[in-house]
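> Here it is, the structure in full.
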Amino acid sequence: MTDITPADAQENEANEEYGTATLCGAELRIKPGNKWRPSYLRALRNGDYDAWAAGVLHEDDVQSFIDLDPTFDEINDFTSAAMESTGEAPGKSSGRAKSSKSTRKR
């Protein structure tokens, strides 16, 4: 019997959730944005698309992404479609919602 730590269980659960989107005619599996680590976002901002793909795509789809060698526009379209497929709106922050109550004293 193998003991699974809570961290392992959490990682396994995170790896099971993928949305799909089409990139250059190929359907790839991608993690929802809320499962991305800050290092994946740094890689994306720094233009290290291979490292980003290794972090956010299903492990079986990473080489396909690299082989497709997409343009920046194709990557942007792919990430937008992927976010929509996982229930997230592109360009929307998942930050705190603004309170409907005013805090100003009267």
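The values are calculated or read from the model by the stated rules, or taken from the named source; none is laboratory data. Quick caveat: nothing in here was measured; it's all calculated off a predicted structure. Reconstructed Cβ throughout: ideal geometry from the backbone, glycine too, with neighbour counts over all protein chains shown. SASA here: full protein model, heavy atoms, side chains in, ligands and nucleic acids out. Shrake-Rupley method; radii C 1.70, N 1.55, O 1.52, S 1.80 Å.
> Could you check the range 65-76 and list, in sequence order, the residues that are open to solvent by 40 Å² or more (accessible area, probe 1.4 Å) and either over 17 Å from THR22 (Cβ atoms) or touching a residue at least 40 places away in the same chain (Cβ under 8 Å) (or both)?
Of everything in the range 65-76, those that are open to solvent by 40 Å² or more (accessible area, probe 1.4 Å) and either over 17 Å from THR22 (Cβ atoms) or touching a residue at least 40 places away in the same chain (Cβ under 8 Å) (or both) turn out to be LEU68, GLU74.
> Related question: Among the residues of the range 28-64, how many are acidic (Asp, Glu), open to solvent by less than 50 Å² (accessible area, probe 1.4 Å) and part of a helix (DSSP H, G or I)? Steps first, please.
First, pick out the residues of the range 28-64 that are acidic (Asp, Glu): 48, 50, 59-61.
Restricting the remaining residues to those that are open to solvent by less than 50 Å² (accessible area, probe 1.4 Å) gives 61.
Next cut, part of a helix (DSSP H, G or I) only: none.
The total comes to 0.
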